[in-house]
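Input: a single structure, listed below in structure tokens.
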Amino acid sequence: MKIDTSPDMQATPATGQGSTLHLRILATSDVHANLMPYDYFLDRDERPFGLARLATLIRAARNEAPNCLLLDNGDMLQGTPISDMLEDADDAIHPVISAMNHLQYDAAGLGNHEFNFGLDWLRRKVRDARFPYVCANLSPREGAPASAAAFWSPSHLLDRTFTAIDGGRHALRIGIVSVMPPQVTTWDRTHLEGRIESADMVEATRREAAKLRAGGADLVILLAHTGIEEGAPHPGMENAAIPLARLGDIDAMVMGHVHSVFPSSDFAGLHEVDLERGTIAGTPAVMPGYRGSHLGLLDLDLVLRGERWEVLAGRGSAWPVAAGNRATVESDSALRKHLAPAHNATLRRTRASLGEADGPLHTYLSLIGYNPAERLIARVQRAALSRELAGGPFDGVPILSSVAPFRAGGRSGPGAFTDVPAGPLALRHAADLYAFPNTLVGLAISGADLREWLESAAILFNTVQPGAQDAPLRAPDIPPHVFEIVDGVTYEIDLSQPPRRSLSGQLVDARAHRIANLRHEGRPVRDADRFILATNNYRAAGSGPFAAAHPAEVVHEGQTWIRDLLAQHLSAHRPVTPDTSRIWRFLPMPGTTAILSTGPGFAQVCPRPDTPPIEPLGIDQDGFLRLRLAL
């Protein structure tokens, strides 16, 4: 239903149009278990984001508007030690669910990361929710075991009584429908294959919204765990917000998944996007950032026509909890008190002693060839895979190990870098080094496959013309975690070449070859050479520019989290010595310089003499330290 989105949002009773009321929808998305404003990796309080800060805004927004709903748009349950590492009994309430119950959420959509721990885990954790979970485009596969039965509904009708502007009390029936990228069945194939199937988001929403209308819904709110992408719509889109907004039965939409903010200048100039009014294709819309950085608001003015309420006007907006890196909203004391037992238990867990490092492990220079943090993880992966393959048909095949710098800035900000100092190690350091619940996978690959893997990783960088001065090094639309390094070979990256693939994995330039001088044990790698590649289940399932591995390529699928393998290694090897030798570098470009943005914490880390020539240039407006790199 396309509605009026004029700037005058103060609904007033109109002659012959019946009663009017104002409805405010509060929305969170991609909080990723950032409940407290606490950095469990650095053991430091007062981070400028988190649900505890959002709780203060939620209270303020409710005080301003008596008619409110509070909804979550997915990716809430996973992402920090309080959710991923807290050792609790199966019957204990999940801290995130406990916090959402405390804040009285009305409904929630599922995000793709909700499935990272498997269906059985998710079923156990959401059973304590005092609100419904919905998802319209995921369903049990035909013939799947009983354990795959859905514990969410495709949509949900909320019956609420609200106060009109004239003071009268009125019943409203509000339909909630939710969708997520259908690629989730690939990303979490280990957990979902043979059990859950996915469908196109637009078609699922169209179908379910029509059912909600037939069921008496006065309005339909879409929780769309998806981002904004221009271009012709096509089946299976990952970021389908624009075609979703065009659907006639949708009155308002919450977006997410891509960790952006809407409305914001990030989307200036896009067709069908109105940033002043906060609409897409005429539909009020909002995307509330991530980690609890913003509270999304959809303000709708409704009018009673006959026996049904209709949306007269609406807009989307996003309230921040910080300005830059400085928090402007205090944490809610009641939620902090409510979460104190889980928070304190997490601190006891993360502070548990593991071992010792005789040198720093950080990711400040991971994008220019200094990779001690990733190389430690690579060593752990290779050793674990070697043990698993010993004595089998792949024993003796060279094992390579691929790792990404999970925390290396980008949209996560200048504080999002791994920074493990020399000295005693605790479990929080293992979580800092490996922040995701991934498991080990071994792939049988060829030399040609290896080259394509590295080409996919190298799309992180901009194309730099020889002789350029202070060229931006990193492509801003590519997240740093795309950049995999492969330990066990040496190679160079030619920045004068354009990227070979797009972020979605499409071949965009078949003539482009950024990877040069690829060698194994000093010998050039040939296309027919055979290797075993140690990686993780997320990457092996296909993500970003990386193609999904064929089942025949998979020689090992582990069950233990790589972070736990890392913790075992740190405990068994005291001290751990960081490997600072270089396995890759940029192909030399004399007279050329580029700019890398890194965390200001780099100033406290003394780089080893074999790092590339770099010159600090100061802190930029976003809080990053700018470094000039001589190529």
Taking region 140-192, which residues are without any contact (Cβ under 8 Å) to a residue 60 or more places away in the chain, part of a loop (DSSP other than H, G, I, E, B) and within 30 Å of Phe436 (Cα to Cα)? Arg141, Ala144, Pro145, Ala149, Ala150, Phe151, Trp152, Pro154, Pro182
Can you give me the number of residues within region 420-448 that are farther than 29 Å from Arg189 by Cα and part of a loop (DSSP other than H, G, I, E, B)? 2
Hey, could you check region 452-481 for residues that are at pLDDT 95 or above and under 19 Å from Gln381 (Cβ atoms) and say which is surrounded by the fewest Cβ atoms within 10 Å (Cβ to Cβ)? Leu454
Can you confirm whether Phe117 is within 23 Å of the chain's Cα centre (by Cα), part of a loop (DSSP other than H, G, I, E, B) and either touching a residue at least 60 places away in the same chain (Cβ under 8 Å) or assigned by TED's automatic domain parsing to the domain that holds Ala52 (or both)? yes
If you scan region 247-261, which residues turn out to be under 22 Å from Pro480 (Cα atoms) and either among the polar types (S, T, N, Q) or without any contact (Cβ under 8 Å) to a residue 60 or more places away in the chain (or both)? Val258, Ser260, Val261
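Results for (1) surrounded by fewer than 17 Cβ atoms within 10 Å (Cβ to Cβ); (2) under 13 Å from Trp453 (Cα atoms); (3) among the polar types (S, T, N, Q), shown as yes or no for each residue.
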residue	(1), (2), (3)
Tyr491	no, yes, no
Pro498	yes, no, no
Ser504	yes, no, yes
Gly522	yes, no, no
Arg526	yes, no, no
Ala534	no, yes, no
Ala541	no, no, no
Given the conditions (1) crowded, with 20+ Cβ neighbours inside 10 Å; (2) at pLDDT 95 or above; (3) out of contact with any strand residue (DSSP E or B) (no Cβ under 6 Å at 6 or more places or on another chain), report the number of the one that Pro588 does not fulfil. (1)
Checking the conditions here, which among Ala318, Ala378 is in contact (Cβ under 8 Å) with a residue 24 or more places away in the chain and either touching a Pro at 6+ places or on another chain (Cβ under 9 Å) or of a type in the set (Asp, Glu) (or both)? Ala318
Check whether at least one residue in region 156-163 is surrounded by 16 or more Cβ atoms within 10 Å (Cβ to Cβ), at pLDDT 95 or above and among the β-branched types (Val, Ile, Thr), and report yes or no. no
With the requirement that a residue be surrounded by 23 or more Cβ atoms within 10 Å (Cβ to Cβ) and touching a strand residue (DSSP E or B) at 6+ places or on another chain (Cβ under 9 Å), what does region 53-74 give you? Arg53, Leu54, Leu71, Asp72, Asn73, Gly74
Please state which one of Ala422, Ala390 is in contact with a strand residue (DSSP E or B) (Cβ under 8 Å, 6 or more places away or on another chain), of a type in the set (A, V, I, L, M) and surrounded by fewer than 20 Cβ atoms within 10 Å (Cβ to Cβ). Ala422
Residues being in a helix (DSSP H, G or I) and in contact with a Phe, Trp or Tyr (Cβ under 9 Å, 6 or more places away or on another chain): count how many of those fall in region 37-51. 0
Residue check for Ser502: in contact (Cβ under 8 Å) with a residue 40 or more places away in the chain, out of contact with any strand residue (DSSP E or B) (no Cβ under 7 Å at 6 or more places or on another chain) and farther than 27 Å from Arg628 by Cβ: yes
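The values are calculated or read from the model by the stated rules, or taken from the named source; none is laboratory data. Quantities reported herein were computed from a predicted structural model and do not represent experimental measurements. Positions of Cβ are generated from backbone atoms using ideal geometry, with glycine treated the same way; all protein chains shown enter the neighbour counts.
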